[in-house]
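Take a look at the structure set out below.
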Amino acid sequence: MCIYIGENLTKEGMIRMSRLELDSPKKARIVMEELYKDLERRIESSPPGLCPVDMSRAFLELCHAQTCGKCVPCRIGLGQLNHFIKDVLDGKATMETLEVMEQTALSIMESADCAIGYEAANMVYKGLIGYRDDYIEHIEHGRCTCTYSQPVPCVSLCPAHVDIPGYVALVGEGRYADAIRLIRKDNPFPTTCGFICEHPCEARCRRNMMDDAVNIRGLKRVAADFAGEVDPPASAPSTGKRVAVLGGGPGGLSAAYYLQLMGHQTTVYEMLPKLGGMLRYGIPNYRLPKDRLEDYVNAILKTGVEVKHGLKIGPDITIQQLQKEYDAVLITIGASTDKKLGLEGENAEGIFSAVQFLRNVGKNIIMDLTGKEVAVIGGGNVTMDAVRTAKRLGAKKVSVVYRRRIADMTALPSEIEGAIAEGIEVQTLKAPSSLDIDENNHVKGIYVSPQMISAIRDGRASIRPTGEEDIYISCDILVVAIGQNIETKHFEDAGIPVNRGKIVTKSNGAIENLPGVFAGGDCASGPASVIKAIAAAKVAAANIDEYLGYHHEISCDVEIPEARLDDRTPCGRVNLTEREACERVKDWDGCENCMTEREAKQEASRCLRCDHFGYGIFKGGREKLW
């Protein structure tokens, strides 16, 4: 029902004022929205090594400014916490201050009216627990435990500490061979990382403050594509020492490369027919062309590294034998065994581990999947490799079955997008519950239990069953990609400490009570990325050199271009393009296209040269040797 109240008209009969109006954003609001975006980019670019106490103060002040001021816990309490933190930073606090801060934070958490107050106080409380040592260091000694030792964010976040600004500048000048020489000082696999590195170096790139991170991986790919064959540096004079390296993957080959350059005769023991480990037998050719891998394996062998194929630790050779024959032993075997689902019938025909499935393809044992349905369980990069490989083997339908959401997958977003573009079906929030096996002991399908997102634990959303009936997914081939392990039995028998499937080492890679035996890479850290394996190899090589009584240094005499002094104006990031999905699924050729030289020069020019400007030039942003 509509009630007529009356008209509010002028003499001309026009309506004098609007009953409702659309608000137009004011200039101040527009500017503030931009400031919020700038703040997001600045936080994203925050370098490692900053004082956590000071950062807590900064965030707390921001939270205090966001409060409405209605409730006392926010209006007064957060201000008090801020004063306490300032006292800590100014050297005016005592140990009792920390107790008062903790009680104040808990009180605010219990009594604040809204999430602004609760979360701000919770942030301070978690800091008092998580980095209490930093608070104590400030109180007792007036300083922080954190050190801003590496002023270049990308170098700091690269596990191998590659001189990124240096090789980016070299690419910008078209000196591609020099760029490769500089990369090899810290990473003997520049091409491999140019294709498949997870590029953690880009996460804190200061260019994010302006527009977007520099495409560091793409520029490394440019250097590798345009440099041609680049010979390795000459090795140091022979020391007469001999080192055995178990495992011919990226970690083992990297360690062998550096040890050989130091003058120690190194022998790599590899159980498979060719070197490369998971680079060759785990990563498909469309992501990492094997001819490109072969180029860098050959470059490592040029240094004089020897190789013994077809020997597996345990059945063919023991640690004790190697200890007698060599001056030092390095264990760098990869995570080459699979984790099981734990379901009845898992050993049926048609069920493969992702490691086995991809290794067969790497060995050129091609399975014809024409017209078949394939399901792959998992959500990591290995899962994406498996589903995209199955598609290229002719499968009619390929599905990812994952118990969480796409947002929770550990695979790189680009890999997930690539799989979906190639027609892969992604079934999320479905947990395997049982297998359907036919009378011939061959898999027919899998039952999955519908899941729903639940409480967040350790920063990640957990799941729980919805209570609905199980769903049936038919498949002719089932691939399990839920994780990998290392084979530890022989190492345990040899007296090497193993905990939760990993070899226990000291921080320098040495193994307790086994002089001259070291371990690094997946076998010590658990399954990790290629660049982390290379970083572990550097640590192991340096410490084996010290153990043998030497102090060789790895350096590179390439001259880095001077930093440009012109202004850096905002400029979009050049991303690598890909071949059309409908074409690339028909072959095993590489998916990504390299940048053109013109694109590479523009992208290299976006680098802000943190190694030269600001704290970089004061502290020294370049590690010339290690």
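The values are calculated or read from the model by the stated rules, or taken from the named source; none is laboratory data. From a predicted model like this one, the values you see are computed outputs, not experimental measurements. Counting neighbours? That spans all protein chains shown, and the Cβs are built from the backbone with ideal geometry, glycine included. What goes into the accessible areas is simple: the full protein's heavy atoms, side chains included, and nothing from ligands, DNA or RNA. Shrake-Rupley method; radii C 1.70, N 1.55, O 1.52, S 1.80 Å.
A straight Cα-to-Cα reach below 16 Å connects Lys37 with the aspartates and glutamates Asp211, Asp212, residues fewer than 8 places away in its own chain not being considered. For the chain, adding -39500 (n - 2.57) for each run of n ≥ 4 DSSP H residues and dividing by the number of residues yields -11500 deg cm²/dmol at 222 nm.
Relative to its residue count, the range 338-485 spans a Cα convex hull of 115 Å³ per residue.
Each Cα pair under 8 Å and six or more residues apart adds its sequence gap; the mean of these over the residue count of the range 51-141 is a relative contact order of 37 percent. Solvent-accessible area assigned to carbon and sulfur over the range 51-141 amounts to 53 percent, based on a 1.4 Å probe. Our summary gives the range 338-485 a relative contact order of 31 percent, counting only alpha carbon pairs under 8 angstrom and 6 or more residues apart.
With Cα atoms defining each centre, the range 299-324 and the range 77-132 are spaced 56 Å apart in the structure. What does the C-alpha gyration tensor say about the overall shape of the range 471-626? Classify as rounded when a/c is under 1.5, otherwise prolate if a/b is larger than b/c, or oblate. Since a/c reaches 1.5 but b/c is at least a/b, the shape of the range 471-626 is classed as oblate.
Of the GluC sites (Glu not before Pro) found in the range 173-265, the ones in coil according to DSSP and having at most 14 other Cβ atoms within 10 Å of their Cβ are Glu173, Glu229.
Contact order, relative form, for the chain: 15 percent (alpha carbon pairs under 8 Å, 6 or more residues apart, mean separation divided by residue count). In terms of Cα atoms, the Rg and Dmax of the range 51-141 work out to 12.1, 39 Å. Seen against the Cα atoms of the chain and their longest principal axis, helix 132-141 is set at about 80 degrees. Under 5 Å between amide hydrogens, built in the peptide plane, is the criterion, and for Gln451 it picks out Lys430, Ala431, Thr466 among residues at least 5 positions away or on other chains. With both partners inside the chain, how many of the DSSP beta bridges are antiparallel, as a percent to the nearest 5? In the chain, DSSP labels about 40 percent of beta bridges as antiparallel.
Close amide H pairs (under 5 Å, H built 1.01 Å from N) link Asp338 with Asn485, residues at least 5 positions away or on another chain.
Once Rg and the Kirkwood radius are both taken over the C-alpha atoms of the chain, their ratio Rg/Rh works out to 1.03.
Our coupling estimate for the range 69-80, obtained by passing each phi through the Karplus curve with A = 6.51, B = -1.76, C = 1.60 and θ = phi - 60°, is x, 6, 9, 5, x, 6, 4, 9, x, 5, x, 5 Hz, Gly and Pro reported as x.
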